[in-house]
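Notes to accompany the following structure.
The values are calculated or read from the model by the stated rules, or taken from the named source; none is laboratory data. Worth saying up front: this structure is predicted, and the values here are computed from it rather than measured. Please note: Cβ atoms are built from the backbone with ideal geometry, for glycine as well, and neighbour counts cover all protein chains shown. Protein only, heavy atoms only, side chains kept; ligands, DNA and RNA dropped before computing areas. Shrake-Rupley method; radii C 1.70, N 1.55, O 1.52, S 1.80 Å.
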Amino acid sequence: MLKFTLKPRNRRQDQNAAEGSMSLDSSFTLTSEDLTLAKPESFSMNCFTQKELECLEKLSTFCFHANRHVSNHLIIRYAIYHNFNYDKAIDAITKGYNYSYLYLEMEGELMRFFIQSMVFFPLPGLKSRKTGSEVFYFRPSRYFPTSRNNHLLLDNICYILNDMSKSIDQCRNGVVMLVNMDGYSMKNFHNDTQMKMTRITEGQVIPTRIVDILIVNPPKVSHSKYIRPLLLAGLPPSLTLTLTFLRLQPNSFSNDYGR
């Protein structure tokens, strides 16, 4: 098994560079017809430190006076993702709060794709013993690039990340992506879609931390060219991936990830 540990560096500079070369579908915007702007509600003092509360209140006040329709839940997600750094959180909210990927519903085409393809899905009850992070599964060999499948794949992973970020604990702990490489080949690879997926897993679209990427059933080392395009194509320099090759006994996985 391969273990990828994500280490963010200078995110703001890399976001600007990435946005210059590619873009996700951000045509969806919120207007006063979609949401009614109301005075911000208070945040629960039981869930945050005083410093964290001050950051949340500042973010909420800014959004209110800037006429940005951002829910408390989404403000909390951005704040936690950026370690309650006000400037970074505001920058991210300003750029991405109206992304359609933040407001997906499991219905219609997305539901059919999710059920029929089973490319991405959460693993209920499975958590990292080290970080308490919940785990979702990625089976790239089940994905076959077409115009329709490409955008549904992105919707699928965004919906999963949103769904696994509903509670404060989930936001703090982040998630683990478990990638089963069994059966994968280059026929399952689409460069533009992979570059957009990289932006998503980096946190430039969805404020959900992916703390680990675990690779199981990888191809032989001689065929490792199949792994790099899957996860590393178009990778911005803001992500440094540490690859660790592990020899595991059949029950070793359950030692780190158990129900």
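Filter the stretch 169-184 for residues that are out of contact with any Ser or Thr (no Cβ under 9 Å at 6 or more places or on another chain) and under 21 Å from Asn72 (Cβ atoms) and give the result.
Listed by number, the residues that qualify are Asp169, Arg172.
Being part of a helix (DSSP H, G or I) and either under 12 Å from the mean Cα position of the chain (by Cα) or surrounded by 19 or more Cβ atoms within 10 Å (Cβ to Cβ) (or both) is the filter here, so list the residues in the stretch 162-176 that pass it. Even if it seems obvious, please write down each step before you answer.
From the stretch 162-176, those part of a helix (DSSP H, G or I) are 162-163, 168-173; that's our starting set.
Across the stretch 162-176, the qualifying residues are Asn162, Asp163, Gln170, Cys171, Asn173.
Considering only the stretch 79-99, how many residues are within 15 Å of the chain's Cα centre (by Cα), modelled with pLDDT of 95 or more and either closer than 17 Å to Asp163 by Cβ or not in a helix (DSSP H, G or I) (or both)?
The total comes to 3.
Could you list, in sequence order, the residues of the stretch 130-152 that are open to solvent by less than 50 Å² (accessible area, probe 1.4 Å), touching a strand residue (DSSP E or B) at 6+ places or on another chain (Cβ under 8 Å) and not small (Gly, Ala, Ser)?
Scanning the stretch 130-152 gives Val135, Phe136, Tyr137, Phe138, Arg139, Pro140.
Considering the stretch 109-131 alone, what residues qualify as being modelled with pLDDT of 95 or more and among the small types (Gly, Ala, Ser)?
Hit for the stretch 109-131 is Ser117, nothing else.
For Tyr159, state whether it is among the aromatic types (Phe, Trp, Tyr), surrounded by 19 or more Cβ atoms within 10 Å (Cβ to Cβ), under 13 Å from the mean Cα position of the chain (by Cα) and within 25 Å of Ser60 (Cα to Cα).
Details: among the aromatic types (Phe, Trp, Tyr): yes; surrounded by 19 or more Cβ atoms within 10 Å (Cβ to Cβ): yes; under 13 Å from the mean Cα position of the chain (by Cα): yes; within 25 Å of Ser60 (Cα to Cα): yes.
The answer is yes for Tyr159.
In the stretch 107-129, which residue that is in a loop (DSSP other than H, G, I, E, B) and more than 17 Å from the chain's Cα centre (by Cα) is surrounded by the fewest Cβ atoms within 10 Å (Cβ to Cβ)? Can you show your working first?
Step one: list which residues in the stretch 107-129 are in a loop (DSSP other than H, G, I, E, B), which gives 107, 118-119, 129.
Now drop any that are not more than 17 Å from the chain's Cα centre (by Cα), which leaves 107, 118, 129.
Working: Glu107: 8, Met118: 12, Arg129: 11.
Looking at the filtered set, the residue picked out is Glu107.
If a residue must be among the basic types (Lys, Arg) and either open to solvent by less than 70 Å² (accessible area, probe 1.4 Å) or touching a residue at least 40 places away in the same chain (Cβ under 8 Å) (or both), how many such residues does the stretch 49-92 contain?
Applying the first criterion (among the basic types (Lys, Arg)) to the stretch 49-92 yields 51, 58, 68, 77, 88.
Right, trim to either open to solvent by less than 70 Å² (accessible area, probe 1.4 Å) or touching a residue at least 40 places away in the same chain (Cβ under 8 Å) (or both) and you get 68, 77, 88.
Qualifying residue count, the stretch 49-92: 3.
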